[in-house]
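Trainee: Dropping the structure in here first, questions after.
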Amino acid sequence: METPQLSRSQFSADELRDHIKKFLDSSYGGRTQTQATYAGALREFVRWYEQDRKFLFITADVFRYRDYLIEQKNLSQASVSTYLSGLRGFFEFLRGQGLLTHNPARHVRGSVGRSSPECEVLTESEVDRLIAAVDLNDRRGTRDLVILRLMVQYGVSESELVRANVKDYVVIAGGGVLRLQSRGRESRVVLRDDMITLLNDYLALRSNVLPSQPLFLSDGNRTRGMRMSVRGIRERINQYLELAGIRDGGTRDISPHVLRNTAGRQMARSGASVDEIRYRMRIRSLARAVKYMDQSRAAI
């Protein structure tokens with residue numbers, strides 16, 4: 001049986017509020033959206049904590065709180081995940097202060113049951129099989145490998161790939177950058193050396209490359225030399241998912257978006273914070289970033 005994890009008997013509600021303020025100030029110095037969202041989530045926890053009066057900071061208590069959010073507050077799965085992410089971060093802060101011996105919310109996910117299709121991710125072995133399915137004997141295969149790796153390793157979306165031009169890929173001293181257009185805003189992805197080499201190889205296979213040309217050209221019979229479409233990219237990805245035996249008509253609902261999800265999960269597993277994931281993935285939704293964190297913890 002799990003023992004209470006407090007280094008003392010229990011916090012008062014006022015003590016919790018003081019610690020929450022310190023946690024938010026130290027973790028989210030400015031008035032970020034994440035800070036404001038977590039502040040609201042933790043206020044809800046303190047209200048419940050005052051009424052419950054038997055929370056002993058063990059995992060079973062965190063599950064009881066999750067049940068309350070689902071059954072009595074009627075919150076969506078995304079909202080529950082966000083509330084628990086805030087609580088998880090707060091408990092980790094208390095652990096760092098020596099007030100908890102370990103984090104009782106660490107492995108409590110916001111979802112119950114099977115993941116929704118839009119949250120599916122690939123395993124490491126599936127990523128390896130997907131990459132290995134690409135035939136690099138022609139320009140199309142090299143192009144497709146660039147696309148797959150930008151999505152599964154950097155979280156670039158199909159629409160961002162479609163909008164990119166050759167001039168958006170810039171090699172500078174010390175590295176390379178790919179400029180992306182997302183929802184009317186420009187952002188940048190810093191590329192590692194192996195990605196730079198692959199992109200250079202792809203462009204070297206094209207003749208008379210101009211800066212104004214699309215970065216990714218179609219090789220279809222009727223669209224050869226034109227900008228690839230989102231539909232075209234998805235068709236190519238689906239072919240590789242099938243070749244790799246990942247999309248095989250089984251119980252998992254696999255779509256091309258699984259590549260971007262996998263990148264987000266990997267960022268979380270590598271230690272990125274919620275705000276870092278939102279920045280690097282160019283997403284506005286806090287709940288989406290929290291889901292990547294949940295997937296990362298579930299895979300441990």
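The values are calculated or read from the model by the stated rules, or taken from the named source; none is laboratory data. Fair warning: this is a prediction, and the values are worked out from it, not measured in the lab. Cβ placement follows ideal geometry from the backbone for every residue including glycine, while neighbour counts extend to all protein chains displayed.
Trainee: Gln239 fails exactly one of the following numbered conditions: (1) more than 25 Å from Thr82 (Cβ to Cβ); (2) not assigned by TED's automatic domain parsing to the domain that holds Leu145. What is the number of that condition?
Mentor: It is condition (2) that Gln239 fails.
Trainee: Still on this structure, I have one more. Within region 195-219, which residues are surrounded by 13 or more Cβ atoms within 10 Å (Cβ to Cβ) and of a type in the set (Ser, Thr, Tyr)?
Mentor: Tyr202, Ser218
Trainee: Looking only at residues in region 87-118 that are assigned to a helix (DSSP H, G or I) and farther than 17 Å from Thr59 by Cβ, which one is modelled with the lowest pLDDT?
Mentor: Pro117
Trainee: Starting from region 159-188, take each residue that is within 17 Å of Tyr279 (Cβ to Cβ) and at pLDDT 85 or above and list its partners that are surrounded by 12 or more Cβ atoms within 10 Å (Cβ to Cβ) and hydroxyl-bearing (Ser, Thr, Tyr), counting only C-beta distances under 7 angstrom and pairs at least six apart or across chains.
Mentor: Glu160/Ser182; Leu178/Tyr169; Leu180/Ser187
Trainee: Follow-up. What pairs can you find where one residue is in region 223-245 and outside any helix (DSSP H, G or I), the other is among the aromatic types (Phe, Trp, Tyr), and their Cβ atoms are less than 7 Å apart, with a gap of 6+ or different chains?
Mentor: Here the result reads Met228/Phe216, each pair linking region 223-245 to a residue that is among the aromatic types (Phe, Trp, Tyr).
Trainee: Could you list all residues from region 1-55 that are modelled with pLDDT of 85 or more, surrounded by 14 or more Cβ atoms within 10 Å (Cβ to Cβ) and assigned to a loop (DSSP other than H, G, I, E, B)?
Mentor: Selection gives Phe11, Phe55.
Trainee: A follow-up question, please. Taking the condition of being surrounded by 15 or more Cβ atoms within 10 Å (Cβ to Cβ) and touching a helix residue (DSSP H, G or I) at 6+ places or on another chain (Cβ under 7 Å), how many residues in region 171-188 meet it?
Mentor: Adding up the residues that qualify gives 6.
Trainee: Continuing with this model, one more query. Determine if region 192-204 includes at least one residue that is farther than 23 Å from Arg260 by Cα and hydrophobic (A, V, I, L, M, F, W, C).
Mentor: Scanning region 192-204, I find at least one residue that is farther than 23 Å from Arg260 by Cα and hydrophobic (A, V, I, L, M, F, W, C), so the answer is yes.
Trainee: Separate question: Of the residues Arg265, Arg260, Arg252, only one is at pLDDT below 85 and of a type in the set (Lys, Arg); which?
Mentor: Arg252
Trainee: For region 120-201, list the strands (runs of 3 or more DSSP E) that sit wholly inside it and hold at least 3 residues that are under 24 Å from the mean Cα position of the chain (by Cα); which are they? Outline the logic, then answer.
Mentor: Details: elements: 169-172, 175-182, 185-191.
Those strands (runs of 3 or more DSSP E) span 175-182, 185-191.
Trainee: May I ask you to say which residue of Ile283, Ile233 is β-branched (Val, Ile, Thr) and at pLDDT 90 or above?
Mentor: Among Ile283, Ile233, only Ile233 is β-branched (Val, Ile, Thr) and at pLDDT 90 or above.
Trainee: Would you check if there is a residue in region 121-141 being closer than 21 Å to Leu210 by Cβ and either of a type in the set (D, E, K, R) or in the same structural domain as Gly245 (by TED's automatic domain parsing) (or both)? Please lay out each step first, then the result.
Mentor: Filtering region 121-141 down to residues closer than 21 Å to Leu210 by Cβ leaves 139-140.
Then drop every residue that is not either of a type in the set (D, E, K, R) or in the same structural domain as Gly245 (by TED's automatic domain parsing) (or both), which leaves 139-140.
Yes.
Trainee: (1) touching a residue at least 40 places away in the same chain (Cβ under 8 Å); (2) surrounded by 19 or more Cβ atoms within 10 Å (Cβ to Cβ): which one isn't true of Leu191, the others all being true?
Mentor: So the condition that Leu191 fails would be (1).
Trainee: I need the full set of residues from region 172-190 which are of a type in the set (Gly, Ala, Ser) and farther than 20 Å from Arg149 by Cβ, in order please. Break it down stepwise before answering.
Mentor: Taking region 172-190 and keeping what is of a type in the set (Gly, Ala, Ser), we get 173-176, 182, 184, 187.
Across region 172-190, the qualifying residues are Ala173, Gly174, Gly184.
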